[in-house]
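The values are calculated or read from the model by the stated rules, or taken from the named source; none is laboratory data. Quantities reported herein were computed from a predicted structural model and do not represent experimental measurements. Heads up, the Cβs are rebuilt from the backbone with ideal geometry, glycines too, and the neighbour counts pull from every protein chain shown. Quick note on the areas: whole protein, heavy atoms, side chains included, nothing else; ligands and nucleic acids left out. Shrake-Rupley method; radii C 1.70, N 1.55, O 1.52, S 1.80 Å.
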Amino acid sequence: MGQTLANKVVIITGASSGIGAATARMLAQAGCKLILAARSVERLEALADELGRAQALVIPTDVTDGAQVAAMVERTVAHFGRIDVLFANAGIYIPGQVAEGDPDAWARLMDINIDGVLRPVHAVLPHMLAQKSGDILVTSSISGFVDIHWEPVYSASKHAIQSFVHTLRRQVAAHGIRVGAVAP
């Protein structure tokens, strides 16, 4: 059974670098229509130029801002008419000892790594439910499965994501929506 990705409309958060940019390059080669979302406008623009403007739409988005996330989804639907895939990939990493850490930095990590998944998922779900199809993929980490002692706050964020992915999957499977996580 072969499935093609050609012409699938894919939102990628955290698309300006790392896993997000690499995924965008791979999906562009497969013929997907891409929404490149992140805070770094210059890097998004450079990636869109590399991939081809007919295939990649840049929508600068801070995934911790609900209004920006809603606007990203609405612009996607207005431009492409649908959303086939959300790749919720934005995230940051902070290791270290709790006694020496910065609670404000941890709060930012939790906002990006957890709320930065919850907000885009919530925003795309009405569209996917209406079309009775869609795929939601979330970047997690091995830290979502194993308690890694040198990164307790990061591990906590990824454990939360794993729980969310598994429970969301059960809620939306009957509606033709698949939910999964990658855990590098």
Note to self: Rolling a 1.4 Å sphere over the protein heavy atoms, what is the accessible area per residue of the chain, to the nearest Å²?
What the structure shows: 49 Å²
Checklist line | Nearest 10 degrees, 0 to 90: helix 18-29 Cα axis against the chain principal axis | finding: 20 degrees
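State the percentage of accessible surface on the range 108-184 attributable to carbon and sulfur atoms; use a 1.4 Å probe and exclude ligands, DNA and RNA.
Values: 2290 of 3660 Å².
Carbon and sulfur atoms account for 63 percent of the accessible area of the range 108-184.
Summing Lys, Arg as +1 and Asp, Glu as -1, what charge do residues with Cβ under 11 Å from the Cβ of Leu109 carry, Leu109 excluded?
Numbers: positive: Arg108, Lys158; negative: Asp102, Asp104, Asp111, Asp115, Glu151.
Surrounding charge for Leu109 is -3.
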Margin query: Just to confirm the number: angle between the C-alpha axis of helix 116-131 and the first principal axis of the chain, 0 to 90 degrees, nearest 10?
Written below: 30 degrees
Next item on the list: Can you tell me the 0 to 90 degree angle between the C-alpha axis of helix 66-80 and the longest principal axis of the chain, rounded to 10?
Entry: 20 degrees
Next item on the list: Taking the Cα centre of the range 99-153 as origin, work out the dipole magnitude from +1 charges on Lys and Arg Cβ and -1 charges on Asp and Glu Cβ, in debye rounded to 20.
Entry: 440 debye
Note to self: Give me, ordered by chain and number, the residues 5 or more places off Ala56 or on other chains with an amide H under 5 Å from its own placed amide H.
What the structure shows: Leu34
Check: Which is farthest toward the positive dipole end of the range 1-120 among Gly101, Leu118, His79, measuring Cα position about the Cα centre, with Cβ charges +1 (Lys, Arg) and -1 (Asp, Glu)?
Finding: His79
Item checked: Computed label-point distance, nm, for sites Ala173 and Glu100 using a 7 Å Cα→Cβ extension -> 4.4 nm
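State to the nearest 20 debye the size of the charge dipole of the chain about its Cα centre, where the only charges are +1 on K and R beta carbons and -1 on D and E beta carbons.
860 debye
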